[in-house]
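Q: Here it is: the structure, laid out below.
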Amino acid sequence: MCFRWHNLQLGAAFFLEFVRIAANYRNKDQFMKFHLCFIALAVFTSTLWAVPVSGLYEARVPVPDQQLDSRQHGAKQGLVEVLQKVSGFSVPAENEVVERAIAIADQYLYQYSYEAVKKDEWDASIPPGSSWLKMQFETQSIQRIIKQAKLPLWGNNRPTVLLWLMKDNGQRTVLIDGGDGAAALAVKNASQARGVPVVLPIYDLEDAMRLPQESLWGLFSGSIIEASKRYDAESVLAARVYKNNKGNWVGQWRFFFKGREFNYEFETEGLNQQVLSGISASAEVLANTFAIRATDVGSDALGIKVTNVKSLEQYASLVRYLEGLTITKKVFVAGVKGDDVELKLNLSGSLAQFKQVLALGKKLNQVPANQQAQQEEQLDPLVTNLIHFNWQP
């Protein structure tokens, strides 16, 4: 019989009992046997540890009023926003599954509320008097749409984007960490809408020396990259935005990721749309690396050997970490000896994507082949072509 808890309190109580029993085992070999029996009984599942990124299934769109028609229209916009946030890519309108879902978007709502639009948020796309329709969509329904529509799925662990933004609205200013005003709100809203964690520079004297305003306005790649080293961000986005003689916002954007450079230019009616366009473009580059597509099918089970697992707590933490990755479908413990753990993984993506995800998390570091110690015996002879990693708890 298979048990599956939907009550978090019951699950937490059982986990405490699990920890109490596990404490009686004096070494990892005994604990592993207990753990395998535990899995075989299917009493505890990895879903207890799955915590979605805050706001991943939430959307906020402007509506003119709180009437039913406005809410239904806003729900359609919100569903598109959530699907783009979860997949990382623009939603294909010609997809029949998506088209049917959008037609009844309000039926996927878990809850909704209204919030007044701040004055700093007013622009051509958000006129005065508008309200924010704040929506939370039902998680399982969204995941079902993603699966049926064969859209990519981007996991919760996402790289940070360092944003250098210079705005000219009669006077050139650099958006800094802790800043306020229309540009800061636009960045915050766009970051939430696309599920991308954005970091702003402090732009103190050190930043100004490495990246003077003239160099930032000119989008000089060398100066931007040099100034960004201080922040240790996984990717860097730089932009200059200004109003043209038609009153529209024009922006040139330059995105740096993994040694590559991407350039974009947008013209929009409002500043909110301009910033959203730039962050959306960078989000798609990141999703192209980290999102799992329906066509990305892992072949045979991947075998990995993890060293430096020095305690029961670290062993449990390692298994939880692997089970919580979007790219892993199943995790099997093949053997434990000393500080080494061998595992078999079923992936929903490619080996290259698996390594990309691990590099982002920085908890499992691959050991170069020429540094791998020769093992006297392999714990499970059925696990071939092991890839060696070092655990960094």
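The values are calculated or read from the model by the stated rules, or taken from the named source; none is laboratory data. Quantities reported herein were computed from a predicted structural model and do not represent experimental measurements. As a convention, Cβ positions derive from the backbone with ideal geometry for all residues, glycine included, and neighbour counts pool all protein chains shown.
Q: What number of residues within region 104-143 are assigned to a strand (DSSP E or B) and of a type outside the set (G, A, S)?
A: 14
Q: Something else now. Under the condition of being of a type outside the set (A, V, I, L, M) and surrounded by fewer than 16 Cβ atoms within 10 Å (Cβ to Cβ), which residue from region 333-352 is nearest to A291 (Cα to Cα)?
A: N346
Q: Moving to a separate point now. Where residues in region 124-156 are more than 12 Å from L83 (Cα to Cα) and aliphatic (A, V, I, L, M), which of them is surrounded by the most Cβ atoms within 10 Å (Cβ to Cβ)?
A: M135
Q: Taking region 80-103 as the search range and keeping residues that are β-branched (V, I, T) and either part of a helix (DSSP H, G or I) or without any contact (Cβ under 8 Å) to a residue 40 or more places away in the chain (or both), which one is farthest from I279 (Cα to Cα)?
A: V97
Q: Hey, another quick one. Count, please, the residues in region 250-298 that happen to be within 21 Å of S215 (Cβ to Cβ) and modelled with pLDDT under 90.
A: The total comes to 0.
Q: Tell me, please, whether a residue that is closer than 18 Å to R194 by Cβ and touching a strand residue (DSSP E or B) at 6+ places or on another chain (Cβ under 8 Å) can be found in region 87-103.
A: Yes; the residues of region 87-103 include at least one that is closer than 18 Å to R194 by Cβ and touching a strand residue (DSSP E or B) at 6+ places or on another chain (Cβ under 8 Å).
Q: R293 passes all but one of (1) of a type in the set (K, R); (2) over 17 Å from the mean Cα position of the chain (by Cα); (3) closer than 18 Å to L153 by Cβ; which number fails?
A: Only one criterion in (1) of a type in the set (K, R); (2) over 17 Å from the mean Cα position of the chain (by Cα); (3) closer than 18 Å to L153 by Cβ is unmet by R293, namely (2).
Q: So is K188 surrounded by fewer than 19 Cβ atoms within 10 Å (Cβ to Cβ) and assigned to a helix (DSSP H, G or I) or not?
A: The answer is yes for K188.
Q: Another question, then. Quick one: L318 ticks every box in (1) surrounded by fewer than 18 Cβ atoms within 10 Å (Cβ to Cβ); (2) touching a residue at least 12 places away in the same chain (Cβ under 8 Å) except a single one, so which number is it?
A: (1)
Q: Further question: Would you mind stating whether V80 is closer than 29 Å to K246 by Cβ, modelled with pLDDT under 95 and either of a type outside the set (D, E) or buried (at least 19 other Cβ atoms within 10 Å of the Cβ) (or both)?
A: It is false that V80 is closer than 29 Å to K246 by Cβ, modelled with pLDDT under 95 and either of a type outside the set (D, E) or buried (at least 19 other Cβ atoms within 10 Å of the Cβ) (or both).
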